[in-house]
Amino acid sequence: MKAACIGSGYVGSVTGAALAALGYPTTIIDIDPKRVAMINEGKSPLYEPGLERLIRECTGQGMLSASTSYDAVAEADVVFIAVGTPSLPDGTADLSYVRIASGQLGRHLNPDRFTVIVMKSTVPVGTADLVASVLEQASGLRAREQFAVVSNPEFLREGYALEDVFLPDRIVIGSDQPEAFEKMRELYASLLNRSSYDRLSALFPFPYSPGSAPAVYFETDPKSAELIKYVSNAFLSVKISYINEVARLCETLGANVLDVAKGMGLDSRIGGKFLEVSSGWSGSCFPKDTSELLSVSQKYGSELTLVKAAVHSNEAMLNYCVQKVQSRLKTLNGKSVGILGLTFKPNTDDTRHTQASTIIRKLTNLGASVSAHDPKGMEMFARLNPELPVKYCSNPEDVATRADAVILLTHWSEYGELDWRQMGETMRHPYVLDTRNFLLRLPFGQWGVCYEGIGI
Ligand code: UDX
């Protein structure tokens, strides 16, 4: 089997490299010649642990290449669509890239070969049907007879994408065409029996865990598959917002949210994951997906009120963090605040829709000056937020110099190794707000630094 993957963004690069590593000669197609050149040189167009090495291996073996042309589509048995679906101002997903890619793809479909088009981008319910009709128009071929569109949502966590792609919990395939189901089963067979993982494990940046449960392969109709992606991410958002609200209640009642979350998570019906307190969930998926799901549920008169509440609760959490600093410093006007962590979570350079931009905007609106550090995300953050008056520091320690407060927003492991005692000495007012409860084992009290977490 040969594969093509349209889009070399986060999902496309990971998916394309993974297909090549699974043994399918793969072409990644992208309109951006710079990204195409990078892949062909064996480089990753974005930061993701292990991805560059995988791309280098696969291009070196001639299994992976990239191109600005759609010619590879005519040779492919499966073509993944992994282009962006950003939010429109009304919260719904912008499908213009999906339409453009489908039109181009349709013009290159091979009438003599049954091609399976796989929707990997997170798309609203009904998009598989829409793509099928765009393809019919562009190609003159008949959907279900000469090609099929299936939904195969991605569940990749940034920072852990290779683990998620090669050791998935589940693979969801939505189709209404038996031949397409068959081809997808064949495509993913080596992921299901873990044999590909055994073969490739030396390349991965995470420990080999032969004991992990095999992936569940789940087949359904296209609309249900499309919805599974949205409702899963919305459920996780609700779960995080819930523990964040519980953390605030713990502060009021004098309980400890770490123990409360642990005790809750011991119930297997609840589970212990995604109960970690933060300044709020963010990133390129949760805000976009909750917003699309909420808009669509409202449009069809079945509003998901719990998701709406989670979105509001998440905004309130950001305010809460700023208020915590404000009440400690009395006023933020004229104060200097250091920020550690600009990415929405560790192990990524992604600063899209990150909590840091909202918090920094609030701080500066209240008159504070802000300096910031992030191991990977400063460049993207500065590019996405040119209006924010931030002093970027290449050393994390420098955000503390003459600061009235340091706020830890992202729990990069290196922030646990800093000389906090020394940093406290350089601060004008030694106060640390740790929104991830990440540093709580450090003896800040002994060092004369006032330390606060959330809910502890
Ligand atoms: C998410 C989904 O997890 C993944 O399955 C999907 O396909 C893409 O969207 P990702 O956006 O990479 O992945 O991030 P994730 O690890 O889920 O974290 C999302 C946000 O929630 C981050 O801001 C993170 O810091 C926050 N979070 C996560 C918490 O605040 N507490 C937690 O317990 C877990």
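Throughout, read-outs are computed from the coordinates displayed, never taken from laboratory work. Keep in mind it's a predicted model, so treat the numbers as computed, not measured. Methodologically, a virtual Cβ is constructed for each residue, glycine included, from the backbone with ideal geometry; neighbour enumeration extends over all protein chains shown.
General remarks:
- Label point distance in nm, TYR300-THR252, each placed 7 Å from Cα along Cα→Cβ: 3.6
- Qualifying GluC sites (Glu not before Pro) for segment 292-340 [loop in DSSP, other Cβ within 10 Å: at most 15]: GLU303
- One quarter of the convex hull surface built on the alpha carbon atoms of segment 311-452 amounts to 7.7 nm², the projected area averaged over directions.
- Cα gyration tensor shape for segment 230-309, rounded if a/c is under 1.5, else prolate or oblate: prolate
- Label-to-label distance for ARG99 and SER133 is 1.2 nm, based on points extended 7 Å past Cα in the beta-carbon direction.
- Inverse of mean 1/r across different Cα pairs in segment 7-95, Kirkwood, Å: 13.3
- The residues LYS239, LYS330, LYS299, LYS120, when put in order of fewest to most other Cβ atoms within 10 Å, stand as LYS330, LYS299, LYS239, LYS120.
- Cα-based radius of gyration of segment 3-220 once divided by 2.2 N^0.38 Å, which approximates compact folds: 0.96
- Residue order for CYS5, CYS250, fewest other beta carbons within 10 angstrom first, comes to CYS250, CYS5.
- Span-like helix ranges in the chain, DSSP H, alpha carbon extent 18 angstrom or more, Kyte mean at least 0.0: 222-253, 305-329
- For segment 409-439 and segment 151-189, distance of Cα centres in Å: 40
- Antiparallel content of DSSP bridges confined to the chain, in %, to 5: 5
- Computed over segment 152-268, the quotient of the alpha carbon radius of gyration and 2.2 N^0.38 Å is 1.37.
- Normalised contact order of the chain, rounded percent, pairs of Cα under 8 Å and 6 or more residues apart: 11
- nm² value of the averaged projected area, convex hull over the Cα atoms of segment 32-82: 3.9
- Rh by Kirkwood over Cα pairs, then Stokes-Einstein D for the chain at 0.890 mPa s and 25 °C, µm²/s: 104
- Residue order for TRP412, TRP281, TRP447, fewest other beta carbons within 10 angstrom first, comes to TRP447, TRP412, TRP281.
- Close amide H partners of ASP434, meaning residues 5 or more places away or on another chain with modelled amide H under 5 Å apart, are LEU408, GLU452, GLY453.
- Measuring nothing but how far apart in sequence close Cα pairs (under 8 Å, 6+ apart) lie, relative to its length, segment 230-309 scores a relative contact order of 40 percent.
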